[in-house]
Structure formats: structure tokens, C-alpha cells
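Please treat every number below as a calculation from the coordinates, not as lab data. Please read all numbers here as calculations on a predicted model, not as lab measurements.
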Amino acid sequence: MSEHMAKMKGWIDSFPADINALLAAVGEPKLAREARLLASASLSYLVLRLDLIPDWEETAGILDDAMVLRVAAALASVHDLDPLEDDAQVVIHRLANESEVVKEFLGDDLYLKLKTYVGELTNTVVRGRHPRAAVDDAKVLAQLSSEVKDELKSFPPAPMKDPEGVART
């Protein structure tokens with residue numbers, strides 16, 4: 001198994017905690033607005049019907065979501081994360097650090113394209129909702145949270161049976 005896939009395999013297990021940390025970031029009014037928008041946009045990506053790797057692809061479908069969360073965390077982490085509770089702050093810093101694995105796995109050119117794509121998600125309307133709506137309105141954030149958690153139930157993390165096959169996907 002490649003070194004990258006071995007690292008990414010653990011991302012499936014941390015997915016719920018990663019999502020909770022990003023939800024905390026969206027809901028923290030003292031956090032920089034751009035960091036909150038990136039967190040909101042990355043969570044909105046999770047409920048997109050057509051994403052980079054379709055969610056029905058066993059295990060691989062969650063990896064693009066995990067990569068988007070990590071790249072968004074890396075972009076958000078250039079802002080001061082001190083307003084976040086310690087647990088959420090630690091998770092977001094971990095995600096940001098793990099974006100390096102994404103970069104190594106994809107290579108510089110593809111990583112740059114993914115990073116640009118993730119940055120543009122802050123202007124992408126998903127299910128009739130702009131990412132800033134969740135930043136500005138607690139009710140909309142609660143709705144996004146509910147949708148993301150429902151989405152998690154629809155594709156429960158599965159063990160990665162064929163990591164090399166996933167890497168080829």
C-alpha cells in the first residue's frame with residue numbers, strides 16, 4: 001500500500017470529528033469571515049450531488065470530500081484560529097497539516113487546481129444556499145449541519161479494502 005493511501009485510510013475514521021470542527025468554525029463569530037466561509041463551503045461540498053469522485057464509489061467517494069476538507073482547512077488556517085475552542089482548533093490544524101499529504105499524492109499541478117477549486121467553493125451555491133448564508137444565519141447553519149450529518153449516514157465510512165484501487169480511481 002502506498003504511503004499516501006495508508007495515511008488517507010485514517011481520514012475515514014476521523015471524518016465525523018473533522019466535520020464537527022468545521023461546523024464549529026462556521027458558527028464561531030469571532031473567527032475571520034474568510035475562514036468561516038471556507039469552512040462553510042467545504043461542508044456544502046459534502047452535500048453536492050456531483051462532486052469530483054461520486055459518493056457511491058465505495059470508500060473512494062469519501063476521499064475527495066476528505067481532501068476538500070483538508071485543503072479548505074489549510075486555506076482557513078492562514079487566519080487566526082484562536083477564537084475556536086481548543087478541540088476544534090487542534091482538528092483544523094491537523095487537517096491543514098494533512099493537506100500536505102493531498103499535495104504529495106496529487107502532485108503540484110493537480111493540487112493547485114484543487115486548491116483553486118476549493119477557494120472558488122466560497123462562491124458556489126449548493127441546494128439554493130450560498131456559503132455565506134450559513135455564516136450569517138444560525139438557522140441556515142443548523143440546516144447545513146443537519147444535511148451534512150444526513151449525508152454521512154447515507155455513506156457510512158467503510159473499511160478501505162483496496163487502497164491501491166482507490167488510488168487508481
Completion exercise
With 0.36 nm assigned to each residue of separation and the Cα-Cα distance removed, GLU104 to ARG33 gains 22.7 nm
Practice task
Using every pair of alpha-carbon atoms in the stretch 90-136, split the distances into 5 Å bins beginning at 0 and state the percent of pairs per bin, rounded to integers.
Solution key: 5, 19, 18, 19, 19, 15, 6, 0
